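Structure first, then comments.
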Amino acid sequence: MSGIVLYLDLLSQPSRAIYIFSKVNKIPFHYHEVQLFQGGHLTGEFEKVNPLRKVPVLKDGDFTLIESTAILLYLVNKYKTPDHWYPSDLQKRARVDEYLAWQHTNTHHYSCRVFWVKCMTPVIFGHEVSPEKLQQVLAEFNAIMTQLEKLFLKDQLFLAGDEISLADLVAMADIMQVIASGVPIFEDRPKLGAWKQRVVDALGSELFKEAHEGILNVKEQQLESLSPEMKKIFKAKLLIFSQ
């Protein structure tokens, strides 16, 4: 298959960021859906694409990338997207790089933790997580949101300055995972809520809605039909996030 192929599942935060970025910049690509909750990433066919059995993946001919940040930067450079996404100015670019480096072990990690502990515990174990554990996990995520506001957003319009960048796109995809878990993060944080609306406006509300529709309805559309085999596989992952 010629051209860019993106292996994605829009239930995945990095997949959504790449999907939205590609769509908003009118980057032509073939969309190959890998349904994580149906075990699509565990097939022998997909293992040939990515031996790590994770999404997202980009294939450009014989060239393959398996890390989301690298994929975004590849698309920026290949398609010469507008400068605000990843600025040519050294210091503005460094601010984007700073967030992209920070988020792996902060926004992304703790948003995953909230989702798995709050949403997946009832599915895997048949009961809600204990109030004490949930309070701990939410406190950790709220601490990260405070850091996001104070260290990155500050008094700017966006995380890395006055225009939307890759930093905002990646951050929003992570935070929406927590919103999908039923935690109203933006309600108690008006500054972040105003930032969210600016991000939605910059991306376009229809595209934002399209990309997040699946995760916002994950309980009804995905979790209720999870097979016993997938529950067993996901149990190990949930135990890690529950520690």
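The values are calculated or read from the model by the stated rules, or taken from the named source; none is laboratory data. In this text, all values refer to a predicted model and were calculated from it rather than measured experimentally. Virtual Cβ from ideal backbone geometry, glycine too; neighbours counted across all protein chains shown. Just the protein is used for accessible areas: all its heavy atoms, side chains included, with ligands, DNA and RNA removed. Shrake-Rupley method; radii C 1.70, N 1.55, O 1.52, S 1.80 Å.
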(request) Show which aspartates and glutamates lie in cross-link reach of Lys196 when reach means a straight Cα distance below 15 angstrom and same-chain residues fewer than eight apart are skipped. (result) Glu149, Asp155, Asp162, Glu163, Asp168, Asp174, Glu187, Asp188, Glu206
(message) Restricting to bridges with both residues inside the chain, how much of the DSSP beta-bridge set is antiparallel, in percent to the nearest 5?
(response) 65
(message) Let's test the formula: R0 of 41 Å, r as the Cβ-Cβ distance of Lys154 and Glu229. What FRET efficiency results, to the nearest 0.05?
(response) 0.30
(message) Out of the total accessible area of the stretch 154-243 (probe 1.4 Å, heavy atoms of protein only), what percent is carbon and sulfur?
(response) 51
(request) Evaluate the stretch 22-163: find the radius of gyration of its Cα atoms, find its Kirkwood radius, and give the ratio Rg to Rh. (result) 1.02
(message) Report the gain in length on full extension from Glu213 to Thr146: 0.36 nm times residue separation, minus Cα-Cα distance, nm rounded to one decimal.
(response) 21.5 nm
(message) Can you classify the stretch 100-172 as rounded, prolate or oblate using the Cα gyration tensor, where a ≥ b ≥ c are the square roots of its eigenvalues, rounded means a/c under 1.5, and otherwise it's prolate if a/b beats b/c and oblate if not?
(response) prolate
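How big is Rg to Rh over the stretch 159-238, alpha-carbon atoms, Rh as the Kirkwood inverse-mean-distance radius?
Ratio of gyration radius to Kirkwood radius: 1.06.
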(message) Ignoring trypsin sites (Lys or Arg not before Pro) that are buried or in helix or strand per DSSP, and keeping those with at most 12 other beta carbon atoms within 10 Å, what is the longest stretch of the chain between them?
(response) 155-243
(message) Show me, for the stretch 97-112, the HN-Hα J-couplings you get by feeding each phi into the Karplus relation (A = 6.51, B = -1.76, C = 1.60, θ = phi - 60°), rounded to Hz, glycine and proline as x.
(response) 4, 4, 5, 4, 6, 6, 5, 4, 9, 10, 4, 5, 4, 7, 5, 4
(request) Report, ordered by chain and residue number, the lysines lying within cross-link reach of Lys92, taken as a straight Cα distance under 18 Å and ignoring same-chain residues fewer than 8 apart. (result) Lys80, Lys150, Lys154
(request) Specify which residue in the list Leu10, Gly61, His30 is farthest towards the positive end of the charge dipole of the stretch 5-121, using unit charges on the beta carbon of Lys, Arg (+1) and Asp, Glu (-1), about the Cα centre. (result) Leu10
(message) Shape verdict for the chain, please, from the Cα gyration tensor: rounded (a/c under 1.5), prolate (a/b greater than b/c) or oblate.
(response) oblate
(message) Name the residue from Leu216, Val170, Val129 whose Cα lies farthest towards the positive end of the charge dipole of the chain, charges +1 on Cβ of Lys and Arg and -1 on Cβ of Asp and Glu.
(response) Val129
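How big is the charge dipole of the stretch 107-169 about its Cα centre, in debye rounded to the nearest 20, if each Lys and Arg gets +1 on its Cβ and each Asp and Glu gets -1 on its Cβ? Display every interim value, and only then the final one.
Values: 5 positive and 8 negative charges, 58 e Å.
It works out to roughly 280 debye.
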(message) Below 8 Å between Cα atoms, with a sequence gap of 6+, how large is the relative contact order for the chain in percent?
(response) 24
(message) Using Cα-Cα distances under 8 Å and only pairs 6 or more residues apart, what relative contact order does the stretch 133-243 have, in percent?
(response) 21
(message) Need the list of lysines near Lys219 for cross-linking: C-alpha distance under 20 angstrom, and skip anything on the same chain fewer than eight residues off.
(response) Lys118, Lys209, Lys231, Lys232, Lys235, Lys237
(request) Read phi for every residue in the stretch 221-234 and hand back ³J(HN,Hα) as whole Hz from Karplus 6.51 cos²θ - 1.76 cosθ + 1.60, θ = phi - 60°, with x for Gly and Pro. (result) 8, 10, 5, 5, 9, 5, 6, x, 5, 6, 4, 5, 5, 6
(message) Counting only protein heavy atoms and a 1.4 Å probe, tell me what percentage of the stretch 44-118's accessible area is made up of carbon and sulfur.
(response) 51
(message) Per residue, how much accessible surface does the stretch 89-138 expose to a 1.4 Å probe? Answer in Å², no decimals.
(response) 52
(message) Just the number please: accessible area per residue for the stretch 188-230, 1.4 Å probe, all protein chains included, in Å².
(response) 57
(message) Is there a quick way to get the dipole size of the stretch 64-124? I mean about its Cα centre, with the Cβ of Lys and Arg at +1 and of Asp and Glu at -1; what is the value in debye to the nearest 20?
(response) 120
